[in-house]
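Notes for the one structure printed next.
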Amino acid sequence: MIRSCIKVLGGCHESRLFRAGDAIARASARKCLGVRTVHTTHAISSEANRQPMDRPPPRRAMLYVPGSDERKLQKMSTLEVDCAVMDCEDGVAVNRKVDARRTVSSMLDKLSCPHVRDLAVRVNSVSSGLAEEDLEEVFKANRLPDTIMLPKVESKEEIQWFSEHVKSHLSDRPNEKPVRVVIFTETAVGLLHLPQILEECKKVSDKSLLFEAVVFGSDDFCASIGATRTADAYELLYARQKVVAMAKAFGMQAIDLVYIDFKDLDGLEKQSLEGNRMGFTGKQVIHPSQIPVVQKAFSPSEEQIEWATELVEAFKKHQETGKGAFDFKGKMIDMPSVLQAQNILKLLEKT
């Protein structure tokens, strides 16, 4: 088997170039296509379908729900989305922060979200001075969230602080499952320090705390550099590319910016497909109507699956003859192309 240090699309783990045998034979892939028709827009619909702890759950669409609005939180039970976030930060007014964290803690125990793969809580930033109270309230719940999200990270010291506090809470719950963590890059300083931040994330990760993804917070980033947000987001191109590159370099998922005009689904689809091509593994959403558009955009198409399956089959045949690069449908194929095909099929397994 040919070993590869290339990261699988959307994942946090090194992979091997799999055997192109029965497991990915055409019949099997076509069967997957039938399953995929459901999964591109719908999250798996039972608690048993939570992602194994050895790999991160798909986060194609990441929906924010204000933690201070109990009515909206209750509606999460009807949503079919990869990741639903009970928000204690930007979605909550300053004078409702106490109410929000208490409501979120209560809803963790009361709310059932069978069609949500990753139930998350976004606490306030370390620099806000509110994160400690948020964490204390979250850990009062009998049921912890799958993921805790830490916004506006600007230094490795914030990661150290967060790690120490979460692990302290977990020490009182020795049988608790590991807590997944998603961090946010939202300022020029945070982007500048991102390599050191991610290095620290890897350093403090252990069996109890798993740092898995980086989210690009575009509006706060625009404010931090004095940029004007435009429809094509050209002013954010450099930052988006750097977030993708840094996240993938450290084996983490990369979550793209919010498309703020939630009624413009055509524009959302265009930007989502663009983000997918750039290497992002998912996108933040602010309205339920955006979920199916985004999750479809970050899922492989039937054409991509067919191409990938046939290419890997052809690769196996040429490997048996000892050949390297080979012609496939009029194009010269080498190892990078095969790895791209592998990524597509690996992503299919996750969605």
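Figures for the structure shown
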{"read-out": "Subset of region 110-134 [within 13 Å of MET86 (Cα to Cα) and either part of a helix (DSSP H, G or I) or not assigned by TED's automatic domain parsing to the domain that holds GLU176 (or both)]", "value": "ASP134"}
{"read-out": "Residue pairs meeting the criteria (Cβ under 6 Å; at least 6 apart or on separate chains; first surrounded by 15 or more Cβ atoms within 10 Å (Cβ to Cβ), in region 71-84; second in a loop (DSSP other than H, G, I, E, B) and at pLDDT 95 or above)", "value": "ASP82/ARG59; ASP82/ARG60; CYS83/ARG59"}
{"read-out": "Residue check, ILE225 buried (at least 17 other Cβ atoms within 10 Å of the Cβ), among the β-branched types (Val, Ile, Thr) and within 16 Å of LYS152 (Cα to Cα)", "value": "no"}
{"read-out": "Count of region 237-251 residues which are in contact with a Gly (Cβ under 9 Å, 6 or more places away or on another chain), crowded, with 16+ Cβ neighbours inside 10 Å and not small (Gly, Ala, Ser)", "value": "3"}
{"read-out": "Condition met for ARG180 (out of contact with any Cys (no Cβ under 9 Å at 6 or more places or on another chain), within 28 Å of ILE197 (Cα to Cα) and in a strand (DSSP E or B))", "value": "yes"}
{"read-out": "Positions within region 225-246 being touching a Phe, Trp or Tyr at 6+ places or on another chain (Cβ under 9 Å), among the small types (Gly, Ala, Ser) and assigned to a helix (DSSP H, G or I), in sequence order", "value": "ALA239"}
{"read-out": "Residue match in region 81-88 (condition: in contact with a strand residue (DSSP E or B) (Cβ under 8 Å, 6 or more places away or on another chain), of a type in the set (D, E, K, R) and farther than 17 Å from SER125 by Cα)", "value": "yes"}
{"read-out": "From ILE344, ILE333, ILE305, residue being at pLDDT below 75 and in contact with a Phe, Trp or Tyr (Cβ under 7 Å, 6 or more places away or on another chain)", "value": "ILE333"}
{"read-out": "Test result for GLU199, at pLDDT below 95, over 22 Å from ASP90 (Cβ atoms) and in the same structural domain as ALA245 (by TED's automatic domain parsing)", "value": "no"}
{"read-out": "Region 286-311, residues that are over 30 Å from GLU89 (Cβ atoms) and among the hydrophobic types (A, V, I, L, M, F, W, C)", "value": "ILE305, TRP307, ALA308, LEU311"}
{"read-out": "Sole exception among (1) within 25 Å of PHE250 (Cβ to Cβ); (2) at pLDDT 95 or above for GLU133, by number", "value": "(1)"}
{"read-out": "Selection within region 112-129 - in contact with a helix residue (DSSP H, G or I) (Cβ under 6 Å, 6 or more places away or on another chain) and surrounded by 15 or more Cβ atoms within 10 Å (Cβ to Cβ)", "value": "CYS113, VAL121, VAL123, ASN124, VAL126"}
{"read-out": "Matching residues in region 234-272 - criterion: being among the small types (Gly, Ala, Ser) and within 20 Å of PRO58 (Cα to Cα)", "value": "ALA245, ALA247, ALA249, GLY251, ALA254, SER272"}
{"read-out": "Residue among LEU268, LEU273, LEU191, LEU237 that is touching a strand residue (DSSP E or B) at 6+ places or on another chain (Cβ under 8 Å) and on the phi < 0 side of the Ramachandran plot", "value": "LEU191"}
{"read-out": "Residue in region 79-87 that is at pLDDT 95 or above and over 30 Å from GLU269 (Cβ atoms) present", "value": "no"}
{"read-out": "Where LYS283 falls short, out of the listed (1) charged (D, E, K, R); (2) outside any helix (DSSP H, G or I); (3) without any contact (Cβ under 8 Å) to a residue 24 or more places away in the chain", "value": "(3)"}
{"read-out": "Residue match in region 207-215 (condition: surrounded by fewer than 16 Cβ atoms within 10 Å (Cβ to Cβ), at pLDDT below 95 and either over 16 Å from the mean Cα position of the chain (by Cα) or in a helix (DSSP H, G or I) (or both))", "value": "yes"}
{"read-out": "Unmet requirement for GLU269, which otherwise passes all of (1) among the acidic types (Asp, Glu); (2) buried (at least 16 other Cβ atoms within 10 Å of the Cβ); (3) at pLDDT below 95", "value": "(3)"}
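A quick yes/no check of all residues on (1) at pLDDT below 90; (2) within 24 Å of the chain's Cα centre (by Cα):
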| position | (1), (2) |
| --- | --- |
| LEU17 | yes, yes |
| MET53 | yes, yes |
| ALA61 | no, yes |
| GLU89 | no, yes |
| VAL94 | no, no |
| VAL98 | no, no |
| LYS110 | no, no |
| VAL116 | no, yes |
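The values are calculated or read from the model by the stated rules, or taken from the named source; none is laboratory data. If you're wondering where the values come from, they're calculated on a predicted model, not measured in any experiment. Heads up, the Cβs are rebuilt from the backbone with ideal geometry, glycines too, and the neighbour counts pull from every protein chain shown.
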